[in-house]
Amino acid sequence: MNIPLPTETPMAEMDSEYLLDVFKAPNQLSKLIWGLNSENFDQYTDQIINLIKTQNVPPQMAFHFINIVAEFKSKQISLYSDLYQRILNEFSLNIKPDCSQLAILLYDKGFHDFLSEPPTSEEIHKILNPYEENTVNFYIASDRVDMIEPKFSDIPLNGKKMKDPPLDVAIINGSELCFNYFRNKGAKYTDSSRVSNGK
């Protein structure tokens, strides 16, 4: 006996269209925040603020995405603190970030309600410089393949116990040249890099 499959009613189609419309702005917002870099900062920041103003996106949603992405893309955390500050100022808000590193950088920018005591200069330096100079991760974060090949040609590419697999570091820092370099050498995705790269 063949049982006919249910067909979508006009109401169901309307619900689908409504849901797609509801998630459109948050999806745009998350992509803009993830794709933020020093070259597009002003353009993307203006688009993010415009989305909040015109698409009924609550600023708290932007803050939520910024907190998450700043934890991943530590090399660019200064940009995310600038973005967070721009949104705070634009909408006259005083919302402390969940990301403790953002809170420290914003305290240094004048948001003294975010911490009970001022951070040390060493704390700020460590946040702004997450990788030690002249290390492989430092060059990966800067997308300097030309420095990696002669200095670190024999670095391990894969391993479950590796703290910072090179492919992961390349992905979270948007280092395209290094990403291609390590993929061509046989580096494999980890669970973290799949999440970061949308795999």
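Some notes on this structure:
- Residue in segment 34-68 that is nearest to GLU90 (Cα to Cα), counting only those that are among the β-branched types (Val, Ile, Thr) and buried (at least 17 other Cβ atoms within 10 Å of the Cβ): ILE49
- Test: residue in segment 68-77 that is at pLDDT 95 or above, among the polar types (S, T, N, Q) and assigned by TED's automatic domain parsing to the domain that holds GLU39: no
- Any hit, segment 149-163, residues being at pLDDT 90 or above and in contact with a helix residue (DSSP H, G or I) (Cβ under 6 Å, 6 or more places away or on another chain): no
- The residue of segment 103-161 that is nearest to ASN89 (Cα to Cα), among those that are in a helix (DSSP H, G or I) and among the small types (Gly, Ala, Ser), is ALA103.
- Across segment 101-131, the number of residues qualifying as surrounded by 16 or more Cβ atoms within 10 Å (Cβ to Cβ) and within 14 Å of TYR84 (Cβ to Cβ) comes to 11.
- Looking across segment 168-185, the residues that are outside any helix (DSSP H, G or I) and within 14 Å of ASN37 (Cβ to Cβ) come down to ASN173, GLY174, SER175.
- Sole exception among (1) touching a Phe, Trp or Tyr at 6+ places or on another chain (Cβ under 8 Å); (2) farther than 30 Å from PRO165 by Cβ; (3) at pLDDT below 95 for PHE138, by number: (2)
- In segment 132-148, the residues that are touching a helix residue (DSSP H, G or I) at 6+ places or on another chain (Cβ under 7 Å) and surrounded by 13 or more Cβ atoms within 10 Å (Cβ to Cβ): VAL136, ASN137, TYR139, ILE140, ALA141, ASP143, VAL145, MET147, ILE148
- Residues that are under 18 Å from ILE33 (Cα atoms), out of contact with any strand residue (DSSP E or B) (no Cβ under 6 Å at 6 or more places or on another chain) and at pLDDT 95 or above do occur in segment 106-117.
- Under the condition of being free of Cβ contacts under 8 Å to residues at least 60 places away in the same chain, under 15 Å from SER78 (Cα atoms) and assigned to a loop (DSSP other than H, G, I, E, B), the residues counted in segment 36-66 number 4.
- Test result for ASP98, farther than 14 Å from VAL169 by Cα, charged (D, E, K, R) and modelled with pLDDT of 95 or more: yes
- Odd one out for LYS75, checked against (1) part of a helix (DSSP H, G or I); (2) farther than 20 Å from SER92 by Cβ; (3) within 9 Å of the chain's Cα centre (by Cα): (3)
The values are calculated or read from the model by the stated rules, or taken from the named source; none is laboratory data. Keep in mind that what you see is a predicted model, and the values were worked out from it rather than measured. No Cβ is skipped: glycine too gets one built from the backbone with ideal geometry, and neighbour counts run over all protein chains shown.
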